[in-house]
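The values are calculated or read from the model by the stated rules, or taken from the named source; none is laboratory data. None of these values were measured; they are calculated from a predicted model. All Cβ positions, even for glycine, are placed from backbone atoms using ideal geometry, and neighbour counts span all protein chains on display.
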Ligand code: IPE
Ligand code: IPE
Ligand code: MG
């Protein structure tokens, strides 16, 4: 992995369409999608990526039919049960962003167990966005900051960009350098709106269940060819990005 690429986030989209193209129920696509996620995680870990975030379930996804939601929760539980030891062996640190309290209690416990077990690991930092909404994340941060202001713990001038970042669920993780979305949709769907201010966006038509480590490597290569300017002109940045 390139030194410049510290954090890749993936909006894993297209499971349902992949299954429908094969005349199968949407759940079939989710099962295949989970296998693909495992491959990408292993690849990222083996290639020394520092941070990988996978958007697995949005707040809005709760509005899907009950059967699909409940299947996805079961699949996540199964994934954690099967993979926790592997993640730990690979020195992967697992964490989650999102409103965890909305998940079924047994899943909350499974998530917490994986987070606790891997908390001291120093390899890939793997984050699952579960029941995640970027707007809700900002609302919660504003509420916390407002409380601190009201109680006199902080003063208004202390609220700056860093301070806001520290109150987001992603606190401590660098902003994503690259956000990949599969399935041909060109939108963020309530994902990391604050953190993506200067992320490179990469949209691919490949449906998530068809996504391969080669596709991932290609997205990383294309990222390396991009010129990130952060509002400056190229010459100003040139030295700092070698
Ligand atoms: C992504 O695939 C997985 C989740 C959102 C949980 P979708 O289920 O959104 O698949 P499409 O977009 O309907 O094909
Ligand atoms: C975004 O995909 C959420 C995840 C990939 C988990 P959606 O399929 O829910 O997004 P929309 O509805 O197409 O915007
Ligand atoms: Mg979708």
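The table that follows gives values for the structure above.
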item	result
Condition broken by residue 122, with the remaining ones in (1) assigned to a loop (DSSP other than H, G, I, E, B); (2) out of contact with any strand residue (DSSP E or B) (no Cβ under 8 Å at 6 or more places or on another chain) satisfied	(2)
Residue count for the range 1-24, restricted to those that are more than 15 Å from ligand 3 (Cβ to nearest atom) and either in contact with a strand residue (DSSP E or B) (Cβ under 8 Å, 6 or more places away or on another chain) or at pLDDT 95 or above (or both)	8
Residue in the range 175-184 that is surrounded by fewer than 20 Cβ atoms within 10 Å (Cβ to Cβ), outside any loop (DSSP other than H, G, I, E, B) and within 13 Å of ligand 1 (Cβ to nearest atom) present	no
Residues of the range 49-94 satisfying the condition of being under 17 Å from the mean Cα position of the chain (by Cα), more than 13 Å from ligand 1 (Cβ to nearest atom) and either free of Cβ contacts under 8 Å to residues at least 60 places away in the same chain or surrounded by 19 or more Cβ atoms within 10 Å (Cβ to Cβ) (or both)	49, 51, 52, 53, 80, 87, 92, 93, 94
Any chance residue 27 is more than 16 Å from ligand 3 (Cβ to nearest atom) and either part of a helix (DSSP H, G or I) or under 29 Å from residue 218 (Cα atoms) (or both)	no
Residue 188 more than 16 Å from ligand 2 (Cβ to nearest atom), in a loop (DSSP other than H, G, I, E, B) and in contact with a helix residue (DSSP H, G or I) (Cβ under 9 Å, 6 or more places away or on another chain)	no
Residue match in the range 65-81 (condition: in a helix (DSSP H, G or I), under 18 Å from residue 181 (Cα atoms), touching a helix residue (DSSP H, G or I) at 6+ places or on another chain (Cβ under 8 Å) and within 16 Å of ligand 2 (Cβ to nearest atom))	no
Residue, nearest to residue 210 (Cα to Cα), within the range 10-25, restricted to residues that are more than 11 Å from ligand 2 (Cβ to nearest atom) and buried (at least 17 other Cβ atoms within 10 Å of the Cβ)	18
Pairs with Cβ under 6 Å, 6+ apart, first in the range 158-174 and over 17 Å from residue 191 (Cβ atoms), second in a helix (DSSP H, G or I)	167/141; 167/144; 167/145
